[in-house]
Amino acid sequence: MCGIVGIVGKSPVGQSIYDALTVLQHRGQDAAGIVTISDNTFRLRKANGLVKDVFHTRHMHRLQGDIGIGHIRYPTAGSSSSSEAQPFYVNSPFGISLAHNGNLTNADELKDWLFKTARRHVNTTSDSELLLNILGHELQEAGGISLTPDEIFTAVANVHERVRGAYATVALIIGHGMLAFRDPNGIRPMVFGKRETETGTEYMVASESVALDACDFEFVRDVAPGEAIYFSEDGQLHSKQCAKAPNYSPCIFEFVYFARPDSTIDKMSVYASRVEMGRKLGQRIAQVWDDLDIDVVIPIPETSNDIALRIAQQLEVPYRQGFVKNRYIGRTFIMPGQEMRKKSVRRKLNAIGTEFKDKNVLLVDDSIVRGTTSEQIIEMARAAGAKKVYFASAAPEVRFPNVYGIDMPSANELIAHGREVEDICEQIGADKLIFQTKDDLIKAVGMHNPEITQFETSVFDGEYLTNDIDQGYLEKLDAARNNEVKETSDKNADSILDLHNEGAS
Ligand SMILES: O=P(O)(O)OC[C@H]1O[C@H](OP(=O)(O)OP(=O)(O)O)[C@H](O)[C@@H]1O
Ligand SMILES: NC(=O)CC[C@H](N)C(=O)O
Ligand SMILES: [Mg+2]
């Protein structure tokens, strides 16, 4: 999951974009980038690393201009080379710079078409650079040098026709303004907001509402699935539904894990959804485990904290923070390699012995994906003296790869793939294991916005709503991106030919 942000301001926007990226850091830890426009010239700084490490004072001084976009990356396609950090840039038919959250499912077809028909060369293996070139091509077909909002919307409508997958996108078009659009299923989130200043209204788009809060922008609304919003440089706002058949289906995993609890996505509070996940799971535990002998409920920090607290209330059992999280270690699941993920669990979490000694503990996590966290945490709980270790997951069994922006390319790496609950329980070493049902998860999130009747839930049920994913596609994805392949390609990532990146050293 990446994070995107864009601001059309009335004064320099570099610092606000930086601030927005820091509060979106939980969506990607691999690379960060900002592009601004000043004197009709793009200013770019992007590199691998966290926001705080990528941008130094000297870079911020150079990121001048009242309009700009930013990105933080968690790769789901191509390599993790710094040459695939975003935003990307293309110089025709205008200077365009683009940042993308999501993943395209027809990338091979698009690359071929771009080369053979649109005669555009793409220099990296990133799907986002393909998206940029498709947009460039469609802008060229739709508009002249003056480029009207209608011409821009025609271009986006044609992008929707060509591109499959998930794409929340923000782009700068030099000499014109900023364009934001969301795929017709609205899989990845995007909000927009405004800020009134003495010199006029400023606009901002971002992956999550928390970025608007951090920069003092007032939330206006979510960008609708298939919709495009165009903010001209002089501050005019135009919007249009550009998809023929939009079908609101936000990714439910945003609510389970990805998004920050203080964000609201598609009118649904992430925090309230997690609390309700806890209530429902608590009810289920009480029903299914009638011989309940739980002494204490303990979350696996950090995402599951709110869920575990609600489970404890439901079960009328004490809630204790039995694990301490090292605040200097990032999120484990979005780290690039399995080796790094494994090592990080113990560096990140440590047990407080007294909370476990001679107790039957119920450990709660938001999800079990590869089982990296649960397996090690259960060992730690036992080593700290727990009598019995029970485990509850607020998401159902994750059994299928994700193709829409979460890096789960390989079914074989998912601990629940081809396994039933007893089997998974044995694998992670728990005494008992329980999962939320898919139905309850959908209700827990969906109750906050009755307009949403469908969610993107493919990791739980294998149903891919873009209708273009078959076994052949999944096998190819697995072969290209499984752990082994990724670890080798990441070692070679820096040798990938890069174009000049100002200030990269
Ligand atoms: O089964 P796994 O493959 O281990 O993946 C699931 C775990 O990874 C995530 O935590 P993470 O450490 O990324 O972040 P958090 O601090 O937000 O919980 C998630 O919250 C689970 O704890
Ligand atoms: N997680 C994402 O949104 C990734 C965006 C894009 N597919 C990339 O790999 O850079
Ligand atoms: Mg976690």
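Listed by number, the DSSP H helices of the chain that run 24 Å or longer by alpha-carbon position along their axis and have mean Kyte hydropathy of at least -1.0 are 270-288.
Seen from Phe356, the other residues with C-beta closer than 11 Å to its C-beta sum to a net charge of +3, counting Lys and Arg as +1 and Asp and Glu as -1. Going by a ≥ b ≥ c, the root eigenvalues of the Cα gyration tensor, does the stretch 164-246 fall in the rounded group (a/c under 1.5), the prolate group (a/b larger than b/c) or the oblate group? In terms of gyration-tensor shape, oblate. With the cut-off at 1.5 for a/c, could you classify the stretch 173-214 from its C-alpha gyration tensor as rounded, prolate or oblate? The shape class here is oblate.
Mean separation of Cα pairs under 8 Å and 6+ residues apart, divided by the residue count of the stretch 3-247: what relative contact order is that in percent? Mind dumping the intermediate values first?
Working: 618 pairs, mean separation 50.6, N = 245.
Answer for the stretch 3-247 is 21 percent.
Peptides 212-224, 5-17, 149-161 ranked from most to least packed, by the mean per-residue count of other Cβ atoms within 10 Å: 5-17, 149-161, 212-224. Expressed in Å, the radius of gyration and Dmax of the Cα atoms of the stretch 69-143 are 11.8, 34. Along its first, second and third principal axes, ordered by size, the stretch 86-231 spans 49, 32, 23 Å in Cα coordinates.
Taking 8 Å as the Cα distance limit and 6 or more residues as the minimum spacing, I'd like the relative contact order of the stretch 221-334 as a percentage.
Details: 122 pairs, mean separation 19.7, N = 114.
Rounded, it is 17 percent for the stretch 221-334.
Computed per residue of the chain from DSSP H runs no shorter than four, each worth -39500 (n - 2.57), the mean residue ellipticity at 222 nm is -9000 deg cm²/dmol.
Per residue, the Cα convex hull of the stretch 1-157 amounts to 111 Å³. Taking each of Lys10/Lys46; Lys52/Lys348; Lys342/Lys486 in turn, the alpha-carbon distance tops 22 angstrom for Lys10/Lys46.
Under the √(5λ) rule applied to the eigenvalues of the Cα gyration tensor, what semi-axes describe the equivalent ellipsoid of the chain? Give them in Å, descending.
Values: eigenvalues 315, 105, 97 Å².
Semi-axes, largest first: 40, 23, 22 Å.
Every number here is computed from the coordinates shown, using simple stated rules; none is lab data. What you see is a predicted model; the values in this text were computed from it and never measured. Glycine also receives a Cβ, built like all others from the backbone with ideal geometry; neighbour counts cover every protein chain displayed.
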